[in-house]
Amino acid sequence: MSGDGIGRREALAAMAGAAAAAAATPAAAAKAKSRPILLYCDLKVDPAREAEMLEHFHTRFKPAGAKFKGFIDLKMLKLRTLIQGDALPPGVNYRFQLTYESEELRQIWIKSDVHQAVWPGIENTLIDKNFHVSLFDVA
């Protein structure tokens, strides 16, 4: 384009620059830096109570947790076999895997009256309540 007008390419470049500047606000930068967390609990579920635990997990615990802000995913994984590495503690047969937007939001969930009401349905099926818990940041 000739004269004082702006060409299409220049206009698109200016719009892209403005969008990048808007995305660089402190709030946008903080959101981009925040990554989800994953919590793992290695559980020793009483084999005689597995069906009870799974029923409670799928019908009460998971639906209750899914209603809380920050919830991403929750799985109950049954150990098939250890392929490599150090042995798990004897009796571990399940891994609880919770994914949340942040540890701060997960803390709100676990301190809630709802969590206090539904967690015993899992915990009471365990042989050992002193289970291994690991918290990971998504890299």
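The numbers here are math on the coordinates, done by the rules we state, and not lab data. Only a predicted model underlies this, so the values are computations on that prediction, with no experimental measurement involved. As a convention, Cβ positions derive from the backbone with ideal geometry for all residues, glycine included, and neighbour counts pool all protein chains shown.
Structure notes:
- Relative packing of peptides 52-65, 78-91 - highest average C-beta neighbours within 10 Å first: 52-65, 78-91
- Phi-based couplings in Hz for region 35-42 (Karplus 6.51, -1.76, 1.60; Gly and Pro marked x): 10, x, 10, 10, 10, 10, 10, 8
- The HN-Hα couplings worked out from phi for region 125-135 by the Karplus form 6.51 cos²θ - 1.76 cosθ + 1.60 (θ = phi - 60°) are 9, 8, 6, 9, 8, 9, 9, 6, 10, 10, 10 Hz, whole numbers, x standing for Gly and Pro.
- Here region 122-137 and region 65-88 have alpha carbon centers that stand 11 Å from each other.
- Residues ARG95, ARG106, arranged from fewest to most other Cβ atoms within 10 angstrom of their Cβ, appear as ARG95, ARG106.
- Distant-in-sequence amide contacts of VAL45, defined by a placed amide H-H separation under 5 Å and a gap of 5 or more residues or a different chain, comprise ASN93, TYR94, ILE127.
- Spatially close Lys pairs in region 34-137, defined by Cα atoms under 21 Å apart and a spacing of eight or more places or different chains, total 15.
- For TRP109, TRP119, the sequence from fewest to most other C-beta atoms within 10 Å is TRP119, TRP109.
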